[in-house]
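Notes follow once the structure below has been shown.
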Number of protein chains: 2
Amino acid sequence: MVNFVFQNPTKIVFGKGVLSQVGAEVSKYGKKALLVYGKNSIKANGVYDKVIASLNKSNIEVIEFNGVKGNPILSHAKEGIDLAKKYKVDLVLAVGGGSVLDEAKAIAAGAICESDIWDFFTAKKAVTEALPIITVLTLPATGSEMNGGMVITNELTCEKFGMGGVQALYPKVSFLDPETTYSLSLTQTAYACSDIMTHLLEGYFTTKAKTMPVQDGYIEGIAKAVMTSMLNIIDNSTDYNARAHFMWGATLGWNGIGALGIPGGSLPSHALEHPISAIYDIAHGAGLSITTVAWLKYRKEQIAPRILQFGRNILGVETESTDKVIDSLEAFYTKIGTPTRFIGAGIEVPDFDLLVNHSERLFKAWRIYGYTKEDLLAMYKIML
Amino acid sequence: MVNFVFQNPTKIVFGKGVLSQVGAEVSKYGKKALLVYGKNSIKANGVYDKVIASLNKSNIEVIEFNGVKGNPILSHAKEGIDLAKKYKVDLVLAVGGGSVLDEAKAIAAGAICESDIWDFFTAKKAVTEALPIITVLTLPATGSEMNGGMVITNELTCEKFGMGGVQALYPKVSFLDPETTYSLSLTQTAYACSDIMTHLLEGYFTTKAKTMPVQDGYIEGIAKAVMTSMLNIIDNSTDYNARAHFMWGATLGWNGIGALGIPGGSLPSHALEHPISAIYDIAHGAGLSITTVAWLKYRKEQIAPRILQFGRNILGVETESTDKVIDSLEAFYTKIGTPTRFIGAGIEVPDFDLLVNHSERLFKAWRIYGYTKEDLLAMYKIML
């Protein structure tokens with residue numbers, strides 16, 4: 001186990017009916033909130049009305065800012081920053097999925113600085129402060145509700161960059177009501193499942209450690225729980241317990257704990273995926289099931305013991321064949337409805353040069369060593 | 001899953017050599033620290049010197065207060081409070097195991113109030129503020145380094161009372177260096193193992209839920225890791241990874257996460273144990289292995305599916321016999337060296353009346369329903 005520092009101060013308010021408490025928590029941080037959301041889904045499923053009613057009850061002044069895209073873009077975040085500055089809001093309230101939460105974080109950081117926020121993403125400057133961030137999560141997947149990370153796409157350069165573990169970006173409070181996720185389609189839920197699994201498994205697959213009982217136990221336990229819950233949701237999309245376990249598993253999957261102390265862990269599936277969703281604007285989770293399968297196929301000899309342990313302890317597949325384990329994972333992805341090849345995401349003729357060039361930068365920035373341009377190209381070709 | 005609120009702000013600094021950072025962290029909270037510790041063990045293993053050197057480097061004035069007992073007692077905590085008030089310390093620095101940490105928390109709460117701190121334990125008053133608490137953990141077991149709980153024994157009344165989840169009692173920072181635990185005896189480590197396992201398993205055994213994928217995954221994963229690490233420590237007591245996984249598993253075992261959302265979870269093994277260690281002054285962990293086995297034997301019919309799942313997923317015992325699972329747990333406890341009967345803890349003639357009367361109060365205070373005095377007596381008799 002390698003040394004680590006961990007601190008996660010986010011307050012989680014979890015369960016049925018908790019949105020009625022939003023106003024009371026918001027009022028601890030100010031009187032004027034920038035309400036950030038996407039399009040119409042939170043109006044269609046009633047979340048918007050519940051949040052507004054609670055804010056009204058606590059006399060919170062609300063400045064609305066909507067239109068956040070699935071892969072949130074820099075120019076839109078900058079519009080939000082202008083609005084936050086214009087109205088001098090006290091805090092940012094994000095209502096939506098990981099994209100909304102991430103853009104809200106960018107706005108919260110940008111609202112109290114004068115420089116271009118893209119400098120944060122290119123690591124020219126560090127985020128040291130931000131307006132208080134409060135979130136109401138409606139699409140469990142990215143873990144942004146309980147972590148200090150955010151990802152934004154610069155649509156002018158097709159760069160999808162992010163950061164993690166920034167203290168100022170941990171939400172003060174996050175509300176998680178599993179009933180708000182009933183309206184998610186099975187496809188959205190499947191993409192979320194792929195995202196959560198990748199968060200849990202990248203360190204697990206890439207570690208240099210032969211044994212790491214605590215992290216393995218944590219990761220295997222949560223990953224199995226999320227997969228089981230996904231199958232239960234397919235059987236009944238309004239099964240409260242299935243939605244609740246899926247939602248809480250998503251938060252535990254990327255709130256920092258799973259990665260603590262893992263020697264040599266890195267994020268190759270993410271570094272291969274960001275260029276795909278940045279260029280083709282597909283769902284991040286859909287991209288991750290494609291890149292995870294390709295990465296495993298390409299690295300199966302180097303990490304055979306880990307793949308076999310994954311098969312045994314998570315998939316329940318007793319075998320000495322890494323191919324069989326990877327086939328089993330691919331079958332799970334296919335069963336729940338997330339793609340494992342480019343074509344499944346509607347990408348017929350991928351631009352390999354662009355993908356390789358972009359991902360090469362990410363592998364370098366994220367210190368993922370041991371991959372040449374040829375390796376990256378070979379992995380992208382496996383995705384055909 | 002039932003509704004919950006969770007917030008755990010403690011900063012964890014984990015790994016080799018981290019004690020050199022104690023002074024720098026302490027200095028964020030003040031210039032004068034009350035240093036609370038036990039007897040000589042932290043001087044014998046070098047921890048005291050390392051902590052003092054780091055404090056000196058940051059020019060922290062240190063008021064020493066030692067002599068904390070294994071089951072910390074009220075009168076000693078009150079001496080600490082007097083000292084903290086006399087010297088107007090800015091914070092309390094605890095160096096030791098769970099007992100030292102708990103007494104330090106009582107001192108931190110008592111140092112800024114005028115009333116009798118026993119009122120906190122009898123629930124006459126609530127702890128709403130305390131001096132900042134910083135800890136250096138040397139005996140992983142109780143989870144006190146990352147939770148808002150504390151337990152103190154009133155030696156005049158033989159009452160061992162506690163509380164949990166109090167925001168003011170979460171340490172600001174806790175330092176966990178696995179190398180500081182090399183000097184623990186295998187017996188101390190075995191008692192710790194029993195304590196950690198009980199923390200994880202009480203909710204698991206007592207829940208009303210038939211399935212709870214996330215909590216089961218978390219609990220099974222961490223419990224297996226701690227048990228595996230215990231066996232590795234028996235093989236080699238200075239195996240860094242074994243000590244590190246054991247230490248971090250202990251923290252994850254009782255930092256609140258494992259119990260979140262569990263319907264109907266309660267703490268009967270603890271409520272049976274507190275009277276034992278309060279009256280006979282045995283190690284808490286030694287008492288817990290005794291009460292856990294007895295409780296399981298007494299309740300095996302009501303919770304058969306949970307016991308069989310425990311056997312299958314944690315002990316690796318495939319059977320349909322609850323007796324075989326309980327035998328297997330008892331064999332594990334015996335193998336590592338923690339008792340499963342009174343006699344193993346040196347208690348030859350237990351005072352059943354006293355035990356039953358004391359535990360009856362705890363069952364009531366902790367809202368553990370469905371047990372008569374006869375039930376309590378029957379369970380204590382199983383421990384013979």
- Mind checking which of A:354, A:270, A:260 is farthest towards the positive end of the stretch A:215-364's charge dipole, using Cβ charges of +1 (Lys, Arg) and -1 (Asp, Glu) about the Cα centre? A:260
- Label distances, nm, residue A:2 versus same residue in remaining copies, Cβ-directed 7 Å point: 4.1
- Query: Once amide H atoms are built 1.01 Å from N in the peptide plane, which residues 5 or more positions from residue B:11, or in another chain, come under 5 Å H to H?
  - Reply: B:173, B:174
- Query: What value, in deg cm²/dmol to 500, does the helix sum -39500 (n - 2.57) over DSSP H runs of n ≥ 4 give at 222 nm once divided by the residues of chain B?
  - Reply: -15000 deg cm²/dmol
- Note on the structure: To the nearest 10 degrees, the tilt of helix B:213-235 (Cα long axis) against the first principal axis of the alpha carbons of chain B is 80
- Got a sec to turn the phi values of the stretch A:283-295 into Karplus ³J(HN,Hα) couplings, 6.51 cos²θ - 1.76 cosθ + 1.60 with θ = phi - 60°, whole Hz, x for Gly and Pro? 5, 4, x, 5, x, 5, 5, 5, 6, 5, 5, 5, 4
- Task: Provide, for q = 0.13, 0.22 Å⁻¹, the log10 of I(q)/I(0) from a solvent-free Debye sum over equal Cα point scatterers in the stretch B:202-273.
- Result: -0.44, -0.94
- Item | Phi-based couplings in Hz for the stretch B:69-75 (Karplus 6.51, -1.76, 1.60; Gly and Pro marked x) | 8, x, 10, x, 10, 4, 5
- Whole-percent tail of the Cα-Cα distance distribution for the protein assembly as shown, cut at 47 Å, equals 20
- Counting only residues 5 or more places away or on other chains, whose amide H sits under 5 Å from the amide H of residue B:131 once H atoms are built in the peptide plane? B:109, B:111, B:112
- Item | Orientation-averaged projected area, Cα convex hull of the stretch A:5-124 (nm²) | 8.4
- Coarse-grained scattering of the stretch B:147-210 at q = 0.29 Å⁻¹, given as base-10 log I(q)/I(0) from a Debye sum over alpha-carbon atoms: -1.09
- In nm, what does the list of distances from residue B:357 to its counterparts in the other copies look like, shortest first, when each label sits 7 Å along Cα to Cβ? 8.4
- Message: Quick check: the angle from helix B:373-382's long axis to the longest principal axis of chain B, C-alpha only, nearest 10 degrees?
- Response: 90
- the stretch A:178-271, dipole about Cα centre (Lys/Arg Cβ +1, Asp/Glu Cβ -1), debye to the nearest 20: 260
- Query: Over the Cα atoms of the stretch A:276-317, how large are the radius of gyration and the largest Cα-Cα distance (Dmax), in Å?
  - Reply: 13.0, 36
- Give the share of C-alpha pairs in each 10 angstrom bin for the stretch B:234-384, from 0 to the last occupied bin, in whole percents, shortest bins first. 10, 35, 39, 15, 1
- Pick out, from B:310, B:24, B:68, the residue whose Cα sits farthest towards the positive end of the charge dipole of chain B, with +1 on the Cβ of Lys and Arg and -1 on the Cβ of Asp and Glu. B:24
- What is the dipole size for chain B, taken about its Cα centre, with +1 at each Lys and Arg Cβ and -1 at each Asp and Glu Cβ, in debye to the nearest 20? 680
- Item | Alpha carbon convex hull of the stretch A:30-82, volume per residue in cubic angstrom | 72
- Query: From the backbone phi of the stretch B:53-60, what are the Karplus-calculated ³J(HN,Hα) couplings (6.51 cos²θ - 1.76 cosθ + 1.60, θ = phi - 60°) in whole Hz, Gly and Pro given as x?
  - Reply: 4, 5, 5, 4, 4, 9, 6, 8
- Note on the structure: Neighbour-count ranking for A:61, A:320, B:360 (other C-beta within 10 angstrom, fewest to most) reads A:320, A:61, B:360
- Item | At 7 Å out from Cα toward Cβ: residue B:59 inter-copy label distances (nm, ascending) | 4.7
- Which percentage, to the nearest 5, of the DSSP beta bridges contained in the protein assembly as shown is antiparallel? 25
- Message: Can you list residues from other chains, or at least 5 along the same chain, whose modelled amide H is less than 5 Å from the amide H of residue B:148?
- Response: B:165, B:166
- Under the Kirkwood approximation applied to all pairs of distinct alpha-carbon atoms, what is the hydrodynamic radius of chain A in Å? 21.0
- Compare the Cα positions of B:54, B:214, A:38 along the charge dipole of the protein assembly as shown (+1 at Cβ of Lys, Arg; -1 at Cβ of Asp, Glu; about the Cα centre) and return the one farthest towards the positive end. B:54
- Folded to 0 to 90 degrees: helix A:352-365 orientation relative to chain A principal axis, Cα: 70
- Message: I'd like to compare B:131-137, A:27-33: which one has the highest average count of other Cβ atoms within 10 Å, and what's the full order after that?
- Response: B:131-137, A:27-33
- Note on the structure: Fewest-first ordering of B:179, B:374 by Cβ atoms within 10 Å yields B:374, B:179
- Task: With only Lys, Arg, Asp and Glu charged, each at its Cβ (+1 for the first two, -1 for the last two), find how big the charge dipole of the stretch A:321-377 is about the Cα centre; round to the nearest 20 debye.
- Result: 280
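Where a number appears in this text, it was derived from the coordinates with a stated rule and is not lab data. From a predicted model like this one, the values you see are computed outputs, not experimental measurements. Methodologically, a virtual Cβ is constructed for each residue, glycine included, from the backbone with ideal geometry; neighbour enumeration extends over all protein chains shown.
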